[in-house]
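Here is the structure we will look at.
The values are calculated or read from the model by the stated rules, or taken from the named source; none is laboratory data. Nothing here was measured: the structure is a model prediction, and the numbers come from that model. Reconstructed Cβ throughout: ideal geometry from the backbone, glycine too, with neighbour counts over all protein chains shown. Heavy atoms of the whole protein, side chains included, go into the accessibility calculation; ligands, DNA and RNA do not. Shrake-Rupley method; radii C 1.70, N 1.55, O 1.52, S 1.80 Å.
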Amino acid sequence: MDFLTIIQLLDSTVRLATPLLLACLAGLFSERAGIFDIGLEGKMLIAAFFSAAVAAVTGNVWLGLLAGIGSSLVLAALHGVASITFRGNQLISGVAINFLAAGMTVLIAQDWFQQGGRTPSLIGGGRFTPFDLPFAESLSGVPVLGPIYSELLSGHSILVYIAFLAVPATWWVLFRTRFGLRLRAVGENPAAVDTAGVSVVGLRYGAVLICGLLCGIAGAYLATALQAGFVKDMTAGRGFIALAALIFAKWRPWHAMGACLLFGLLQAIALRFQNIELGGITIPVQAMDALPYVLTVVILAGFVGKAIPPRAGGEPYVKER
Amino acid sequence: MDKMPKWADVVLIPLISLILAALLSALVILGIGEDPVAAVKLMVDGALGSTYGWGYTLYYATNFMFTGLAVAIAAHAGLFNIGGEGQAMLGGLGVALVCLLIPWPHWTLALVFAALGAGLFGAAWAAIPAYLQAKRGSHIVITTIMFNFIAAAVLNYVLVNLLRPEGSMDPATERFPEAVHLPSLHELLAPIGIEFSKSAPANVSLLVAVGACLFVWLLIWRTPLGYEIRSLGKSEPGARYAGISSVRTIMIAMLISGALAGMMAVNNVMGEAERLVLNATEGAGFIGIAVALMGRNHPFGVFLAAILFGFLYQGGAELALWTSIPRELIVVIQALVILFTGALDNMVRMPLERIFLAMRKGQN
């Protein structure tokens, strides 16, 4: 493998890790506040559809992004109503949201565009274009560092940079602000937060809506930047890989970035090479597909450093018993 | 004192949830410019109007009975088995191996061992998440989701690299031998003079599914093991205090659950396709969640809910054939049923409880 192949592989790792990272940070906010969310997949999917649909109709990708975020927020609010207000089972609510998105996107896509559940291909202003970092062109001639800067770091869509900037932002919000402290507290011991006179319901709705916002950006990235348009079930399990990455990272932002880059790399390798020859042994492509899930199970099993979720996760908060 | 009579909990709440889901689905159909009344008529005609329609409805219902029971029995132990899909996939592998590797003299013998193979593979696939939950406290929902994806990868590998006949491009096994062909309802009913459609896929596994419903009912409400499972589901500290081993009970409940999900393969792999293809389960593992919620985790409820979903599935296929409504409408209905009977249960329950309380006060 030569240097340029490695650069290309890492470049596609960054692209593939971006939606995972956004969804993973989305889940981080929700689960740190004590609301389990296995509906990341559904929220990404509906955002992917509405962003592509609005971008296709208006020709403006920014309007598409807004529509995607809006639709994802609607599903996030539904999750909030079911799991916070009506104290329903958060896991079942997540399952319902995934199916709702899978069905509705195809139904509406067929009604609006009659193309078998897809949107028209996005052209021109309907897509996020590559965003060049300063001096990318002129520095590309520099050996080693030049290609790394101009090929690997520069030339992604603006959403990629937003995703990676969201990592320190998430860290700062969760660990350096009053809101973050309360949000983490509500995921560990909501009764204590309630006693301090802070609204448990309000905080949890806040967290769930931030989760919706980030899932919305993730979905929009899939349909308007990574690919040009929506196709049926285009999230293809990414919401669950993000969930796996979240557990792998033990609910911490910087580790989440590491986990998403690792899983992105696995996807990039599986995409580029079919079967890999390693010293006489052939690793089948399916093993690469399954690896993120296997790693997560191993981490969950606690054989390699135990993953302990926020203590109040999954339990509805009842003020008085 | 209960806030509500039992019949309200068992019948009224699921019924109201179902009506809410149906009303919203009607709105969705209106929204895409079709007529909901005509759609329902078409669905009823297509799914129940002929023995051909019934044959498909019952075929789907058979799948959903197995996966619904799998979710239900885990739910009795307080576990949410979302891995029915993966367990059913592995069950398919078990059926395929049994049917392909051993020359069976007669389908009855093959059926027994295929069901055993399917159950064994399904149970094995549930065993690791069960063990991790019981011993290491790893959340079973997350591990079973992960195992669904791992199952898909395993099946893909086995079909592409190991079981695919030489020269075939299709990632599927070769056809099972003629001797393991399961009699369809047509072949079963013809000798007693009942005409049933020849081309519908419903087959003898329907009887196996009904038997499984009966078995689960007996197990849950008529055996000590069932009592232990229910105790654990109600309260783990309570069960532990009564001397019930939570590790043992979790393992057994999940193994039975996985075996039931796996046994679905007798219907779809052995009864219908007669070979193992990729994505043979077609999401039936997930529909089991809706079926179990709708049927209130009771085997008879699961039986009825499975037939309801079988009807929706066949009706939905007819809709997709004759109107511009895509099949995905069924996925939306399924989502709404899960939402209302599962996550938004309290939204229906709380006002009802208030009404019943007010009525009781009026009587005293």
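Tabulated results
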item	result
Reachable aspartates and glutamates, given that their alpha-carbon falls under 17 Å from the alpha-carbon of residue B:361 and they are not under 8 places away in the same chain	B:2, B:353
List A:170, A:282, B:223, ordered by accessible area with a 1.4 Å probe, largest first	A:282, B:223, A:170
Nearby lysines by direct alpha-carbon distance to residue B:234 (threshold 21 angstrom, same-chain neighbours under 8 apart not counted)	B:3, B:6, B:135
Fraction of the pair-distance distribution of segment A:158-309 above 18 Å, Cα-Cα pairs, percent	68
Unit charges at the beta carbon, dipole of segment A:3-235: most positive-side option, A:157, A:179, A:190	A:190
Cβ-placed point charges (K, R +1; D, E -1), dipole of the protein assembly as shown about Cα centre in debye, nearest 20	2400
Debye equation applied to the C-alpha atoms of the protein assembly as shown, log10 I(q)/I(0) at 0.06, 0.07, 0.11 Å⁻¹	-0.35, -0.48, -1.22
Distance between modelled label sites at residue B:195 and residue B:6, nm, 7 Å Cα→Cβ extension	4.5
Carbon + sulfur, % of accessible area of chain B - ligands and nucleic acids excluded, 1.4 Å	67
Computed over segment B:269-345, Cα set: Rg, Dmax in Å	13.7, 40
Rounded FRET efficiency, nearest 0.05, which uses the C-beta distance separating residue A:3 from residue B:223 and R0 of 56 Å	0.25
Label point distance in nm, residue A:151-residue B:26, each placed 7 Å from Cα along Cα→Cβ	6.2
Chain A - Rg (one decimal) and Dmax (whole number), Cα, Å	20.2, 69
Dipole magnitude of segment B:181-294, debye to nearest 20 (Cβ charges: Lys/Arg +1, Asp/Glu -1, about Cα centre)	500
Probe 1.4 Å, protein heavy atoms only - accessible area per residue of segment A:91-190 in square angstrom	49
For residues of A:292-298, the mean tally of beta carbons on other chains within 10 Å	6
Computed lengthening from residue A:60 to residue A:271, 0.36 nm per intervening residue step minus Cα-Cα distance	73.0 nm
Long-range Cα-Cα pairs in chain B (distance over 38 Å), rounded percent	20
Net charge dipole size for chain B [Lys, Arg +1 and Asp, Glu -1 on Cβ; Debye, nearest 20]	1480
Accessible area, probe 1.4 Å, largest first, for residues B:245, B:257	B:245, B:257
For the protein assembly as shown, with +1 on Lys and Arg beta carbons and -1 on Asp and Glu, the positive-most of A:245, B:201, B:182 along the dipole	A:245
Of every Cα-Cα pair in segment B:155-227, the percent that sits beyond 16 Å	70
Solvent-accessible ranking of B:291, A:144, largest area first, probe 1.4 Å	A:144, B:291
Per-residue SASA entry for residue B:360, accessible area with 1.4 Å probe, Å² rounded to 10	70
Pairwise FRET efficiency - residue B:322 versus residue B:300, Cβ, R0 = 41 Å, nearest 0.05	0.80
List of segment B:302-343 residues, accessible area with partners at least 40 Å² below that of the chain alone (1.4 Å probe)	B:326, B:328, B:331, B:332, B:335, B:338, B:339, B:343
Heavy atoms of residue B:125 accessible to a 1.4 Å probe, total area in Å² rounded to 10	40
Whichever lysines have a C-alpha closer than 19 Å to that of residue A:232, once near sequence neighbours (fewer than 8 apart) are set aside	A:43
GNM top mover of A:97, A:269, A:46 - chain A, alpha-carbon springs below 10 Å	A:269
Span-like helix ranges in chain B, DSSP H, alpha carbon extent 20 angstrom or more, Kyte mean at least -0.5	B:13-31, B:51-76, B:84-101, B:107-131, B:140-157, B:205-222, B:246-265, B:299-322, B:345-363
Candidates A:166, A:185, A:301, ranked by Gaussian network fluctuation over chain A, Cα under 10 Å, top entry	A:301
Positive-end extreme of charge dipole, segment A:3-235 - chosen from A:12, A:49, A:39 (charges on Cβ)	A:39
Crossing angle, helix A:178-188 versus chain A [Cα axis fit, 0-90 degrees, rounded to tens]	70
With Cα atoms, 0 to 90° folded angle of helix A:3-32 axis to chain A main axis	10
Pairwise burial A:B, computed as accessible area of each alone minus the pair, summed, 1.4 Å, Å²	3600
Buried on assembly, segment B:54-95 (at least 50 Å² less accessible surface than by itself, 1.4 Å probe)	B:80
